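As structure tokens, the structure follows; a few thoughts come after it.
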Amino acid sequence: MADWEHRPRCDEAPAWAQLAQEARRFTGEGAFDLRAAFADDAQRAQRFALRAPQVFADLSKNLWDEPVRALLTQLAEQCRVEQWRDAMLAGERVNVSEQRPATHVHWRWAPDAPTSVENCATDAINLQETRRILDDMLAYAEEVRADAAITDVVNIGIGGSDLGPRLLAQAFAATAAAGAADGPRVHFVSNMDGHQMAQTLRGLRAESTLFIIVSKTFSTAETMQNAASARQWFEEQGGRDTARHFTAVSANTEAAARFGVGRCFGFDAGVGGRYSLWSPVGLAVAIAAGAQAFEALRHGAREMDAHFASASLADNLPVQLALLDVWQRNFLGFSSRCIAPYHHGLRSLPAYLQQLEMESNGKRVDAHGRTLPFASAPVTWGQVGSNGQHAFFQALHQGSDVVPVEFVLVRRAAHSLPGHHEKLLANALAQSRALMLGQEGDAPERHFPGNRPSTTLLLPDLGAASLGAVLALYEHRTAALGALWGANSFDQWGVELGKRHAGDIADCLRQGSSAGMDASTAMLLDEMHALPSV
Ligand code: F6P
């Protein structure tokens, strides 16, 4: 076993017990109060602010103080997070259950690693080959953009083969970035529910549509079903040249070739689905916004990689966010985290983070198979803050559970409509201020307890570099949190069982039977069999 595999898990590190002692100051009578903390320390805001490429982070409105932060930083030291980080960046097999490296970072480095990253394991990464594939992919994206005959592109994929590209395509479209206005329309179909595909196909014409089938494994049931339906529709509409109208992105190039695609962009199995948008999985993004924007995105991410690789633990934004996650989840007991982006282009950020965080760290055993004696991934949820304010923010202010909120703000708007953006930003700052300050009420229902935690991430704009940096920040924070918890953030065995059951139940539905099912599932199947299906 490599040395980094013998690191202490967070609960085995000496700082863990000390943090448990400190946590007593945060509950009950006379507990830590944010208002008092700010009154006692005129420098608290600056002390708990961090800068990383493209991101300014205000962590001061969280329920922690200097002694806690110092102990958390010691925890990261004692768990040898830096050693694990270097192993991950160097291409060692940090995905131990599948014996693979996590190579997503290498896709944004090619052809060279940032100078702050040393000792790349050359057997895991061929940066020259990676660059060649990216060049091919980007040239193809530009070809499609220049092809006046292609008016619509449909990205067929699910999970990581959908959420990252969808988020980015929406962000680029909202800001009309670079070439986002010149390319074809880009649609995303992920759902097994045929209504999504049927609705997307309405209004499309076979001869002017390009389908991109994106699947690392090229075996995911939803994607295979949608791909088959797209091909059937294409043929029924009189489409002739399947090879021209169907392109694949996959690590399983043989299966893609068998489907009959004309082009297939491959990538290595070390790229995890939810970390894959930097690889050819980002093809729809490159088509939507252009090769230059895709390169700028990679560049922004690479800057964040360099920060993660070289900043001290105390100044390292991904590491400090991961440590704050440990504190909030394991010591303050918060079971969910709300993401509130204040930008229409980031409306899919909560969904993207749900997969990134909950699929990576929703684990009950560590990487050695030992049951975790502490809670792992909280529920990540949320939606654009402006709309959330008129839906669930009531519960954030006055509900019985404390939910840390992550505000994501963008300083510069990409539209020129007067009034909107100042009011939008004012609302975001007002919410974090109100959550913290609370208010005495003249009636119980008008009382706001305050002392409710939040983090604010501020980006200068929603350009490609900021997007790249903030998504790389989230990736590193997630994996660093897994490293502290001792979990493997790069596998996802938990999704397998449901897939197996779905196959058996689909057989029952086809055959009109419920044999072999548990009583509840059998009852539901029998009800379904009794109802007309068309
Ligand atoms: O079911 C979970 C999952 O395996 C995700 O990890 C992945 O992003 C998604 O399915 C899609 O997988 P693929 O790209 O292989 O179709």
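Hey, what did the chain get for relative contact order, percent, Cα under 8 Å, at least 6 apart?
Normalised by residue count, the contact order of the chain is 19 percent.
Whose amide H sits under 5 Å from the amide H of Ala487, counting only residues 5 or more places off or on another chain, with H placed in the peptide plane?
Counting only residues 5 or more places away or on other chains, the set is Ala367.
Provide the descending list of Cα extents for region 328-409 along its principal axes, expressed in whole angstroms.
43, 29, 17
For helix 464-485, report the angle its Cα long axis makes with the longest principal axis of the Cα atoms of the chain; keep it between 0 and 90° and round to the nearest 10°.
70
Using the Karplus equation 6.51 cos²θ - 1.76 cosθ + 1.60 (θ = phi - 60°), what ³J(HN,Hα) coupling, rounded to whole Hz, does each residue of region 519-532 give in order, writing x for Gly and Pro?
Couplings: 4, 5, 5, 4, 4, 5, 5, 5, 4, 5, 4, 7, 9, x Hz.
Compute from the Cα atoms of region 127-294 the Rg and the Dmax, the latter being the longest Cα-Cα distance, and quote both in angstrom.
14.4, 42
Binned at 10 Å from 0, what are the whole-percent values of the Cα-Cα distance distribution for the chain, short to long?
Values per bin, smallest distances first: 3, 17, 27, 26, 17, 8, 2, 0.
If contacts are Cα pairs under 8 angstrom and at least 6 residues apart, what is the relative contact order of region 67-188 in percent?
17
Whose amide H sits under 5 Å from the amide H of Asn155, counting only residues 5 or more places off or on another chain, with H placed in the peptide plane?
Close amide H contacts, sequence-distant or interchain: His187, Phe188, Val189, Ile212.
Would you please report the Å³ per residue occupied by the convex hull of the alpha carbon atoms in region 419-534?
Working: hull volume 38.8 nm³, N = 116.
Measuring per residue, one finds 335 Å³ for the Cα hull of region 419-534.
Within the set of other residues whose C-beta is less than 15 Å from the C-beta of His195, count the net charge using Lys and Arg as +1 and Asp and Glu as -1.
Local charge sum for His195: -1.
Through the Karplus equation 6.51 cos²θ - 1.76 cosθ + 1.60, θ set to phi - 60°, convert the phi angles of region 38-48 into ³J(HN,Hα) values in whole Hz; use x for Gly and Pro.
These are the phi-based 3J(HN,Hα) values: 5, 5, 7, 9, 5, 9, 4, 4, 5, 4, 9 Hz.
Compute the relative contact order of region 330-457 as a whole-number percentage, counting only Cα pairs closer than 8 Å that sit 6 or more residues apart in sequence.
Working: 186 pairs, mean separation 37.3, N = 128.
Relative contact order comes out at 29 percent.
Per DSSP H run of at least 4 residues, take -39500 (n - 2.57); add these up for the chain, divide by its residues and hand me the 222 nm value, nearest 500 deg cm²/dmol.
Values: 22 runs with 236 residues, N = 534.
Value at 222 nm, helices only: -13500 deg cm²/dmol.
Give the Rg (one decimal place) followed by the Dmax (whole number) of region 8-69, computed from C-alpha coordinates and expressed in Å.
13.9, 40
Tell me, His447, His6 in order of fewest to most beta-carbon neighbours within 10 Å?
Numbers: His447 13, His6 10.
Ordered by Cβ neighbours within 10 Å, fewest first: His6, His447.
List, in order, the whole-Hz ³J(HN,Hα) value for each residue of region 56-63 obtained from phi through the Karplus relation with A = 6.51, B = -1.76, C = 1.60 and θ = phi - 60°; use x for Gly and Pro.
9, 10, 9, 9, 6, 8, 9, 7
What are the residues whose amide H is under 5 Å from the amide H of Arg100, where those residues sit 5 or more places off or on another chain and H is modelled from the backbone?
Close amide H contacts, sequence-distant or interchain: Asn95.
Please list, short to long, the whole-number percent of alpha-carbon pairs of region 42-102 in consecutive 10 angstrom bins beginning at zero.
Reading the bins upward from 0: 19, 31, 31, 18, 2.
At 0.890 mPa s and 25 °C, plugging the Kirkwood radius over alpha-carbon pairs of region 18-133 into Stokes-Einstein gives what diffusion coefficient in µm²/s?
Once the numbers are plugged in, D ends up at 139 µm²/s.
Quick note: the coordinates plus some simple rules give every number you see, no bench work behind them. Fair warning: this is a prediction, and the values are worked out from it, not measured in the lab. Heads up, the Cβs are rebuilt from the backbone with ideal geometry, glycines too, and the neighbour counts pull from every protein chain shown.
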